[in-house]
Amino acid sequence: MDNEFKILSTIKNPSNLRNLSDEELKELCAEIREKLIEVVSENGGHLASNLGIVELTVMLHKSFNCPKDSIVWDVGHQSYVHKMLTGRYEQIDTIRQKDGLAGFPKRSESVYDAFNAGHASTSISAAYGIARAKVLKGETSYTIAVIGDGSLTGGLAFEGLNNAGRFKKNFIVILNDNKMSISNNVGGLAMHLSHMRIKPAYIRTKRRTEKILTYIPIIGKLFKKILKRSKSKIKNLIYKNTLFDALGYTYIGPVDGHDLEELDNALALAKKCNEPVLVHVVTKKGKGYEPAETHPKEFHGIGKFDINTGEPLSSHKGFSAVFGKQICNMAEKDKKIVAITAAMTLGTGLSHFSHLYKSRFFDVGIAEEHALTFACGLASKGIIPFFAVYSSFLQRGFDQLIHDAAIQSLHVIVAIDRAGIVGNDGETHQGTFDVSMLNTIPNTTIFSPCYFNELRHSMNAAAYMCDGLVAVRYPRGGELYRPFDYDNYSIDFDLYGNEHAGITLVTYGRLFSYACRAKERLKKEGIEINIIKLCRIKPIDPKAVELASLSSRIFFFEESLVAGGIGESFGYELKKTGKSFYYKIHGIKDRFVRHETVLEALAELELDDSGMMRIIKDNI
């Protein structure tokens, strides 16, 4: 038995929680926090959100009978506590590591994970589907959707709330209100929730009114029914309806999310409602660890850090920081430059811009679709919008990219952060789809720089040398291997080597660094190759195709899906030359990339220098 965590180590499944006293439950929560800090300091991951949901997770598993009852987590980055309580405590040290636990709920990992997650605003729709399926199958059990106030800014959350509000069975939504997504919450909903937190007295008034009416025989009950169905001002005077009441939910709250007794009572009440119910739970992000409480944004997702100080153990300038500085430089010279983020101010490097140019900075909350169409509206009036977004989150705006931006040839610039492999966050966060997605859209230009200075030049080209939809994509982290002084280059493509060599390697983005290493290693073995490095990957420069066609063997490597990728487009242009050559595309073939480090993933996919060498040597 782990003496350091004497209670936590005994929890083999949620049923063990029901045997604990109130004091033991409090001690368990303290142990969970200690273990969270220990694990995340070693592995990196999502700390602040997990620290804030400890008591709520414990009481959910104490109150409900999982896996028969289903808990669906929104986003899922706060599921570390859930995993500890559902038979995975002994594996928690492996979280986000290769062959270890995933950092998000995963149905293939445990029967307690009711639905996979990784992106925001999905839990209500998924849970409602599960609840409906149970009715169809004749099953009687509870279904609970846990969603944060930040996720409520996503349109999908409201679609789910609206549809599930007409359900005639018990359906429970837990609103975990910590006043934040990753950045601070914005917009009318945030103000509405703030009002509800500040003035909870109106909920007590509602309950007292209902209680009084219940004691009045016949007339009281009739009046109560009329009030509930009424749309009149009388109802509002007595009930002071919340938004959730209007959508068909019985509202319970606000509840102190760190008070075990309050949580227990609220969940017991929620179980008794034979209709949709929303429990409003107020929590503190980073609860119990002073650095995370003070700086919840920085501790939302963090690498390894010193437990005593909270300071990161590694810090280096990355592409996000370079993007943030460059857009500030551009905005200083051009008042038409604006920046947009979907609740990712810090993550996308826009913190400095948000302070310097407040009137030109727009955080729209977790609402990528809205962000893109909003950018299109700005562009239609001559503004130059940069929408900074992680590659995996851009997937949500595919229709907006086509319908609102490209069809109208509106000059919108999408700064795609975390493009390519991102590592330990796994399948839901890998940036492996944006190239194939954007490559199918007419009137679109795509840049994929490898180095910081290239990123700066790509951003300038996107703003002032291009029309229509433009994407500038760059990887997580910093620069890799530089084979030479690479500051004088073409914004379209460059040739590295002898154009008359019989073997040419074509690539773009981060993989160019690995290609350079492969070239040097192959040279030592007597094999000479060219490298054609694309910076603008759509449209492809015809001169790059012409240069490649001078070789008899051409290898294309890309850190993206092969299907619909640039390799296919480049190969099609090569065939049009009518020349005879061997052509091989190597990328990510019809699969999702699991959680492991970037280096481990690139090696496994044979996209590092060793993989490139093997593939070239096996095919010459």
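So, in the range 294-324, exactly how many residues are of a type outside the set (A, V, I, L, M, F, W, C), touching a residue at least 24 places away in the same chain (Cβ under 8 Å) and outside any helix (DSSP H, G or I)?
So in the range 294-324, the residues of a type outside the set (A, V, I, L, M, F, W, C) come out as 294-298, 300-301, 303-304, 306, 308-312, 314-318, 320, 324.
Add one more test, that the residue is touching a residue at least 24 places away in the same chain (Cβ under 8 Å), and what stays is 296-298, 300-301, 303-304, 306, 316-318, 320, 324.
Subset that is outside any helix (DSSP H, G or I): 296-298, 300-301, 303-304, 306, 316-318.
Within the range 294-324, residues that are of a type outside the set (A, V, I, L, M, F, W, C), touching a residue at least 24 places away in the same chain (Cβ under 8 Å) and outside any helix (DSSP H, G or I) number 11.
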Those residues of the range 514-542 which are more than 38 Å from the chain's Cα centre (by Cα) and either more than 18 Å from ASP618 (Cβ to Cβ) or in a helix (DSSP H, G or I) (or both) amount to LEU522, LYS523, LYS524
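Here is a check on your reading of the model: is THR373 within 19 Å of SER121 (Cβ to Cβ), within 23 Å of the chain's Cα centre (by Cα), among the polar types (S, T, N, Q) and in a loop (DSSP other than H, G, I, E, B)?
On the way: within 19 Å of SER121 (Cβ to Cβ): yes; within 23 Å of the chain's Cα centre (by Cα): yes; among the polar types (S, T, N, Q): yes; in a loop (DSSP other than H, G, I, E, B): no.
Judged against the criteria, THR373 is not a match.
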Considering only residues that are assigned to a loop (DSSP other than H, G, I, E, B) and open to solvent by 60 Å² or more (accessible area, probe 1.4 Å), look in the range 325-339 and name the one that is nearest to ALA415 (Cα to Cα).
LYS336
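Does LYS524 meet the test of being more than 30 Å from LEU469 (Cβ to Cβ), out of contact with any Leu (no Cβ under 6 Å at 6 or more places or on another chain), modelled with pLDDT of 95 or more and open to solvent by 70 Å² or more (accessible area, probe 1.4 Å)?
Working: more than 30 Å from LEU469 (Cβ to Cβ): yes; out of contact with any Leu (no Cβ under 6 Å at 6 or more places or on another chain): yes; modelled with pLDDT of 95 or more: yes; open to solvent by 70 Å² or more (accessible area, probe 1.4 Å): yes.
Yes.
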Which of the residues belonging to the range 1-55 are in contact with a Lys or Arg (Cβ under 7 Å, 6 or more places away or on another chain) and open to solvent by 60 Å² or more (accessible area, probe 1.4 Å)?
ARG18, GLU42
Kindly indicate which of ALA501, ALA518, ALA601 is within 25 Å of PRO483 (Cα to Cα), buried (at least 16 other Cβ atoms within 10 Å of the Cβ) and free of Cβ contacts under 8 Å to residues at least 60 places away in the same chain.
ALA501
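Could you check, for the range 305-317, whether at least one of its residues is basic (Lys, Arg), open to solvent by 10 Å² or more (accessible area, probe 1.4 Å), modelled with pLDDT under 95 and closer than 19 Å to LYS179 by Cβ? Reasoning before the result, please.
Here is the first cut: in the range 305-317, the residues basic (Lys, Arg) are 317.
Of the ones still in play, those that are also open to solvent by 10 Å² or more (accessible area, probe 1.4 Å) are 317.
Still in the running and modelled with pLDDT under 95: 317.
When the remaining residues are screened for being closer than 19 Å to LYS179 by Cβ, the result is none.
So far as the range 305-317 goes, no, none of its residues is basic (Lys, Arg), open to solvent by 10 Å² or more (accessible area, probe 1.4 Å), modelled with pLDDT under 95 and closer than 19 Å to LYS179 by Cβ.
Residue by residue, here is whether (1) closer than 23 Å to HIS46 by Cβ; (2) in a strand (DSSP E or B); (3) free of Cβ contacts under 8 Å to residues at least 12 places away in the same chain; (4) touching a His at 6+ places or on another chain (Cβ under 7 Å) holds:
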residue: MET84; (1), (2), (3), (4): yes, no, no, no
residue: LEU101; (1), (2), (3), (4): yes, no, no, no
residue: PRO105; (1), (2), (3), (4): yes, no, no, no
residue: ASP113; (1), (2), (3), (4): yes, no, no, no
residue: ALA131; (1), (2), (3), (4): no, no, no, no
residue: GLY138; (1), (2), (3), (4): no, no, yes, no
residue: ARG166; (1), (2), (3), (4): no, no, no, no
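The values are calculated or read from the model by the stated rules, or taken from the named source; none is laboratory data. Bear in mind the structure is a predicted one, so any value in this text is a computation, not a measurement. A quick note on method: Cβ atoms are made from the backbone with ideal geometry, for glycine too, and the neighbour counts reach across all protein chains shown. These accessible areas exclude ligands, DNA and RNA; they are computed on the full protein's heavy atoms, side chains included. Shrake-Rupley method; radii C 1.70, N 1.55, O 1.52, S 1.80 Å.
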